[in-house]
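First comes the structure, then the notes that go with it.
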Amino acid sequence: MSVQVKICGLRDVVQAEACVRLGADAIGLVFYPQSPRFVEISKAVEICHAVAGHVARVGVFVDMSADEIIDHVKKCGLDVAQLHGSETAELVADLKAAGVRVVKVLNSTGDDLRRDAAKFAGAADSFLVEAGKGVLPGGNAATWNWAGAGTLREVASFALAGGLCAENVGDAINAAGCDAVDVSSGVEISPGVKDMKKVKMFINRAKSLNIDGRRVF
C-alpha cells in the first residue's frame, strides 16, 4: 500500500467526488461547530452516499460523547471516527466495542508521543500526529518538526498533519516515515473550498514516493 492521502474539511458533494477521482483514499467531514469547515449531518449524509465505496469516510470529532459519535457514524455511514479532543482510552474502547474504527489524534513528539500512544494501546486502530499549535483543534496550517513523529512508526500506523502542502509533502513523509497524510488548508482557496489543482498535485506527490505504508483510515 502506498501512503494514504486524506483530504479533510470537505463541505460539498461535487468537491468530495472530485477529490476521489483525483485519487484521495479518504475524505474528512468536520463535526466541530466552531470550525469554519463544520458540516451539518444532512450535508454529510449526502457527501458520504456520493462517495461510498473504496474511499474511507472519516468523521472528525472533538470531545463528543461516545453515543453522539456513534449516532453520527450510523446516520452518515462513516467508516472512521477521528478524535481531536481530550478523549479517554475508555471512550475509544466504547467506540471500538460498537464497531467503529478509531484514529486518535496526538499532539506530541519523540518519547512523549510514544508515551501518549501507549495510553490507547489496544483501543485506537491508528493515530494522527499534528504537533502544530493554534486556536482550534487541528493543524492550523502550522509547520513543525515532522521527524519528531517518526518514533511512532515502531509501534503503530499513523498519519501526519499540520502545515502540509504539495510543495512539502514529500519532505514531510520522508522525515516522519508516516503511513498517511492529512491535508485541509494546504489545498484550499478558502476554508472548506478546495483548489483541485492543488489537490491533484498534493496527491500525486504523496503517492509518487516509494513508501510501504500501512492502513490508517
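The values are calculated or read from the model by the stated rules, or taken from the named source; none is laboratory data. Everything numeric here is computed off the predicted structure, so don't read it as measured data. Using ideal geometry, Cβ is built from the backbone for each residue, glycine included, and neighbour counts are taken over all protein chains shown.
Is it true that Val73 is surrounded by fewer than 23 Cβ atoms within 10 Å (Cβ to Cβ) and touching a Gly at 6+ places or on another chain (Cβ under 8 Å)? Yes.
Under the condition of being polar (S, T, N, Q) and buried (at least 17 other Cβ atoms within 10 Å of the Cβ), the residues counted in segment 7-46 number 2.
Residues in segment 178-213 that are within 16 Å of the chain's Cα centre (by Cα) and under 16 Å from Arg153 (Cα atoms): 5 in all. Here Asn210 clears all of (1) of a type in the set (S, T, N, Q); (2) over 23 Å from Phe38 (Cα atoms); (3) at pLDDT 95 or above except the condition numbered (3). Look at segment 115-129: where a residue is within 21 Å of Asp182 (Cα to Cα) and a partner is of a type in the set (S, T, N, Q) and assigned to a strand (DSSP E or B), sitting 6+ places away or on another chain with Cβ atoms under 9 Å, you get Leu128/Gln82. Only one of the numbered conditions (1) at pLDDT 95 or above; (2) surrounded by fewer than 20 Cβ atoms within 10 Å (Cβ to Cβ); (3) within 22 Å of Val181 (Cα to Cα) is violated by His49, and that is (3). In the set (1) among the charged types (D, E, K, R); (2) farther than 28 Å from Asp12 by Cα; (3) at pLDDT below 95, the condition left unmet by Glu130 is number (2). Is at least one residue of segment 144-165 surrounded by fewer than 23 Cβ atoms within 10 Å (Cβ to Cβ), at pLDDT 95 or above and within 28 Å of Val39 (Cα to Cα)? Within segment 144-165, one or more residues are surrounded by fewer than 23 Cβ atoms within 10 Å (Cβ to Cβ), at pLDDT 95 or above and within 28 Å of Val39 (Cα to Cα).
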